[in-house]
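> Pasting a structure below so you can have a look.
The values are calculated or read from the model by the stated rules, or taken from the named source; none is laboratory data. Only a predicted model underlies this, so the values are computations on that prediction, with no experimental measurement involved. Quick reminder, even Gly has a Cβ in these numbers, built from the backbone with ideal geometry, and neighbours come from all protein chains shown.
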Amino acid sequence: MLQGDKRVDLTVPSAARMYDWLLGGSNNFEVDEAACRLLLDAAPTTRALALNNRWFLERVVRVLAEEYEIRQYIDFGSGLPTQNNVHQIAQSVDSSSRVVYVDNDPVVLGYGNSLLDENDRTAIIRADMADTEFVFDHADFKRLIDLDEPVACLFNSVLHCLPDEADPDAVVRRTIERLKPGSMVVICQLVSDDPQLRTQVTDLMLEQTHGNWGRVRTTSDVDRYFRGLVVQQPGLVDVTDWRPDSELRQRQRSIEWTEYGGLAQIPSR
């Protein structure tokens with residue numbers, strides 16, 4: 001499932017570059033902007049959704065670093081580097097923190113490698129996030145991550161990129177099975193209670209990315225990912241409501257669909 005020598009096709013949008021455009025980044029192309037504008041026509045508050053998700057990532061990593069004292073992180077489907085990346089937040093709390101990013105988008109790999117060249121406690125692995133065995137066997141993973149110590153595993157706004165046949169639930173299970181009890185798992189995904197919107201946005205994204213996407217799911221789909229885990233307060237919620245640190249940010253809500261999920265701990269087996 002490794003993506004090999006896959007090259008950038010500038011005629012096809014990617015979810016990572018679309019997310020970058022929604023966040024106001026510059027690592028995207030005209031085709032990504034055009035796809036985002038179609039998406040905004042279908043779900044006008046999608047930009048607020050992207051911002052809410054990014055702010056959630058910043059908050060949850062800081063909580064993991066400060067309150068749970070986690071010092072190693074695996075960020076699946078990490079996307080394009082922006083400000084306040086996982087390694088920057090974690091290392092601002094403890095400079096010894098190690099981070100492994102996993103992504104298969106060639107543009108992500110290019111920008112990521114240039115950003116991380118001078119940080120020997122951080123690496124980016126070119127892989128499909130569903131290829132658990134390849135990721136855990138990678139030399140950079142083994143160099144940075146000690147599986148005898150607690151790890152934070154992040155599936156932040158990425159599982160909706162996996163189609164049902166890739167079985168995102170199985171991806172989560174395979175990952176959890178390799179981690180020590182006491183490790184932490186962050187999961188959130190795009191959800192909607194409106195079946196018409198789920199179909200409309202899923203079809204749009206599949207068409208725009210030439211099938212390189214999954215689907216908008218329901219909250220019950222996401223709840224299933226957390227079975228067997230100990231969900232931490234405030235539970236599984238719209239991530240806008242996950243320990244908000246700013247009333248202004250909390251008011252910037254998406255309406256048509258939301259990012260839903262939370263933080264959980266792997267219990268003793």
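> What number goes with the only condition from (1) more than 21 Å from Pro168 (Cα to Cα); (2) at pLDDT 95 or above that Phe136 does not pass?
Of (1) more than 21 Å from Pro168 (Cα to Cα); (2) at pLDDT 95 or above, only one is false for Phe136: (1).
> Determine which member of the set Gly79, Gly112 is buried (at least 23 other Cβ atoms within 10 Å of the Cβ), assigned to a loop (DSSP other than H, G, I, E, B), modelled with pLDDT under 95 and not β-branched (Val, Ile, Thr). Reasoning before the result, please.
On the way: Gly112 fails: assigned to a loop (DSSP other than H, G, I, E, B).
Selected residue: Gly79, the only one of Gly79, Gly112 that is buried (at least 23 other Cβ atoms within 10 Å of the Cβ), assigned to a loop (DSSP other than H, G, I, E, B), modelled with pLDDT under 95 and not β-branched (Val, Ile, Thr).
> Starting from region 139-162, keep only residues that are of a type in the set (Gly, Ala, Ser), then list their pairs with residues that are assigned to a helix (DSSP H, G or I) and modelled with pLDDT of 95 or more whose Cβ atoms are within a distance under 7 Å, requiring at least 6 positions of separation or different chains.
Pairs that qualify, where the first residue is of a type in the set (Gly, Ala, Ser) and the partner is assigned to a helix (DSSP H, G or I) and modelled with pLDDT of 95 or more, are Ala152/Leu64.
> Name the pairs: first residue in region 56-75 and in contact (Cβ under 8 Å) with a residue 24 or more places away in the chain, second residue of a type in the set (Ser, Thr, Tyr) and assigned to a helix (DSSP H, G or I), Cβ to Cβ under 9 Å, at least 6 apart or on different chains?
Close Cβ pairs (under 9 Å, with a partner that is of a type in the set (Ser, Thr, Tyr) and assigned to a helix (DSSP H, G or I)) amount to Phe56/Thr240; Arg62/Ser92; Ala65/Ser92; Ile74/Thr175.
> Where residues in region 225-246 are surrounded by 18 or more Cβ atoms within 10 Å (Cβ to Cβ) and among the hydroxyl-bearing types (Ser, Thr, Tyr), which of them is nearest to Asp169 (Cα to Cα)?
So the residue we want is Tyr225.
> So is Val12 in a loop (DSSP other than H, G, I, E, B), among the hydrophobic types (A, V, I, L, M, F, W, C) and either closer than 26 Å to Pro195 by Cβ or over 14 Å from the mean Cα position of the chain (by Cα) (or both) or not?
For Val12, the condition - in a loop (DSSP other than H, G, I, E, B), among the hydrophobic types (A, V, I, L, M, F, W, C) and either closer than 26 Å to Pro195 by Cβ or over 14 Å from the mean Cα position of the chain (by Cα) (or both) - is met.
> Which count do you get for residues in region 240-264 that are closer than 23 Å to Asp41 by Cβ and modelled with pLDDT under 90?
6
> Moving on. Among residues belonging to region 147-165 that are in contact with a strand residue (DSSP E or B) (Cβ under 8 Å, 6 or more places away or on another chain) and part of a helix (DSSP H, G or I), point out the one that is farthest from Glu69 (Cα to Cα).
This residue is His160.
> Is it the case that some residue within region 44-55 is part of a loop (DSSP other than H, G, I, E, B), touching an Asp or Glu at 6+ places or on another chain (Cβ under 9 Å) and either buried (at least 18 other Cβ atoms within 10 Å of the Cβ) or of a type in the set (Gly, Ala, Ser) (or both)?
No, region 44-55 has no match at all.
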